[in-house]
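> Once you've had a glance at the structure underneath, I'll fire off some questions.
The values are calculated or read from the model by the stated rules, or taken from the named source; none is laboratory data. Predicted model only: the values in this text are computed from it and were never measured. Quick reminder, even Gly has a Cβ in these numbers, built from the backbone with ideal geometry, and neighbours come from all protein chains shown. We work out accessible area using only protein heavy atoms, side chains counted, and drop any ligands, DNA or RNA first. Shrake-Rupley method; radii C 1.70, N 1.55, O 1.52, S 1.80 Å.
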Amino acid sequence: MIKPILVSSVLVAVLACALPALAADADVTFHKDIEPILQRNCQTCHRPGQMAPMSFLTYESVRPWAKAIKMATTTRKMPPWFADPNYGHISNDRSLRQAEIDRIAAWVDAGAPEGDPKDAPAVVKWPDGWVIQPDIILDGPVTDIPAAPKNNVFEWMVVTIPSNFTQDTWVTSVQIKPEHPEVTHHMCLGFNRHTPDTKYYEATWIDRVRDEEGAAIPEKGQTSGGQAPGRSTAEDCWVPGQVAADYRVFNAAKLVPAGSDITMNLHYTPNGKAVTDHLKIGLTVSKEPPARRYVPLAVSAPRDAKQFAIPPGDPNWQSPPAEATFLQDAELVFMFPHMHYRGKDMTYTLEYPDGRKEVVLSVPRYDFNWQLGYNTSIKVPKGTKLRVDAHFDNSVANRFNPNPNRTVYYGDMTWEEMMLGFFGVVVDKDNTVDRRKIVQTTGDAASGS
């Protein structure tokens, strides 16, 4: 599934935030005009311990980056946002209006003046080291990541830990926090009922047959790309650009039965320096049942090598679609496209029972280094079909392409490929949480994975 943030992306990471419009003002200053914007939209990431490479908590820490901020916003590299505004109804749109870009430029062109410190807003009390403010913090696995394993391959691992929940619990947000994000490709977890044969904190993996470049060799038409059989491991994830899942924005929560286990899949990418990663899991919970229940789902393109094989040099290979049919009424609230380095674009389309089709998300320029989730609110009646389409660029024109001269198959590693359309729905809190009774997937889809 997910990562390396490239050197060229460091400057791009200057302003991973959205900026609200401000009224015209001839005297734009930091404390009066810019600091409130940074508090509302930037400091979530731009503070110590978070994903951004610099802090925006004070004028002194922001001032050296003023020109870089102007460049990143005027070129629309920041804030990262890839949804086409002509399709769907995305509620967490963080793209900038031209007036907002002009206001930042005016401040920088004026010399980035500080202004009167008395104009500064009250300091925000951010969670220490977290994006959410956890009610519960769990110790996750400790993993030794070697500096340079064979072919630079460190296989996916699956690890189960206890939730320690002694009663049914409504979880309202989840954050996985790796100690070393620089070698973290992705981390995902799922909540599962405990079984007697469960072994806690014991990592398991599959030693796949790989070639000299580290790509899995298809066996009898099958390729890799998976999870623990029968165990959900990808309900909530840490990926570049998205570090927490928060259901509170949907007025919903996820019900975790007492005694449940947490099964994780961990994917590290060694970078030449050996480290030991100790991850933690933060949760917020609700004492009262919410109005609605959140259910995470996913569909996948077929994974077998006969159907999923990207030809060498192809700049616009169309993947077989990922499809699902809704078996009951639901509300679609979240969409999250996932591919690897060769991913080019992805489109989510609903076909309603009356035959009407609606594109609810179009991402024409997918960026592996900024994997964003898109919030929406669409009533989906029973019988509606979801189709996810994607294209891949395996040509020399793709500057992230590891090797445009080889056929690329479905696989776990970043230099292989995936085509997953994650999505989330909400249903009545008393409704079933059995995914198989909410949607039916076709082909090699991965419902709930």
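> Condition first: open to solvent by 50 Å² or more (accessible area, probe 1.4 Å) and out of contact with any Leu (no Cβ under 9 Å at 6 or more places or on another chain). Now tell me which residues in the stretch 340-364 satisfy that.
Scanning the stretch 340-364 gives LYS344, PRO353, ASP354, PRO364.
> Please work out which one of (1) touching a Ser or Thr at 6+ places or on another chain (Cβ under 8 Å); (2) free of Cβ contacts under 8 Å to residues at least 24 places away in the same chain is the condition VAL131 fails and give its number.
The number of the failed condition is (2).
> Among the candidates ARG210, ARG193, which residue alone is touching a residue at least 60 places away in the same chain (Cβ under 8 Å), of a type in the set (Lys, Arg) and farther than 18 Å from CYS237 by Cα?
Criteria check complete, one pass: ARG193.
> Output the number of residues of the stretch 365-399 satisfying the condition of being free of Cβ contacts under 8 Å to residues at least 60 places away in the same chain and open to solvent by 20 Å² or more (accessible area, probe 1.4 Å).
5
> Another question, if that's okay. Looking only at residues that are among the charged types (D, E, K, R) and in contact with a strand residue (DSSP E or B) (Cβ under 6 Å, 6 or more places away or on another chain) in the stretch 327-360, which one is farthest from ASP428 (Cα to Cα)?
Out of the qualifying residues, it is ARG342.
> Something else: Looking at the stretch 260-268, is at least one residue buried (at least 20 other Cβ atoms within 10 Å of the Cβ) and touching a helix residue (DSSP H, G or I) at 6+ places or on another chain (Cβ under 8 Å)?
yes
> Do any strands (runs of 3 or more DSSP E) entirely within the stretch 108-217 hold 1 or more residues that are open to solvent by 20 Å² or more (accessible area, probe 1.4 Å) and within 30 Å of ARG406 (Cα to Cα), and if so, which?
Qualifying strands (runs of 3 or more DSSP E): 157-162.
> May I pose another question? Filter the stretch 35-73 down to the residues that are in a loop (DSSP other than H, G, I, E, B) and of a type in the set (Ser, Thr, Tyr), then identify the one that is surrounded by the fewest Cβ atoms within 10 Å (Cβ to Cβ).
Among those that are in a loop (DSSP other than H, G, I, E, B) and of a type in the set (Ser, Thr, Tyr), it is THR58.
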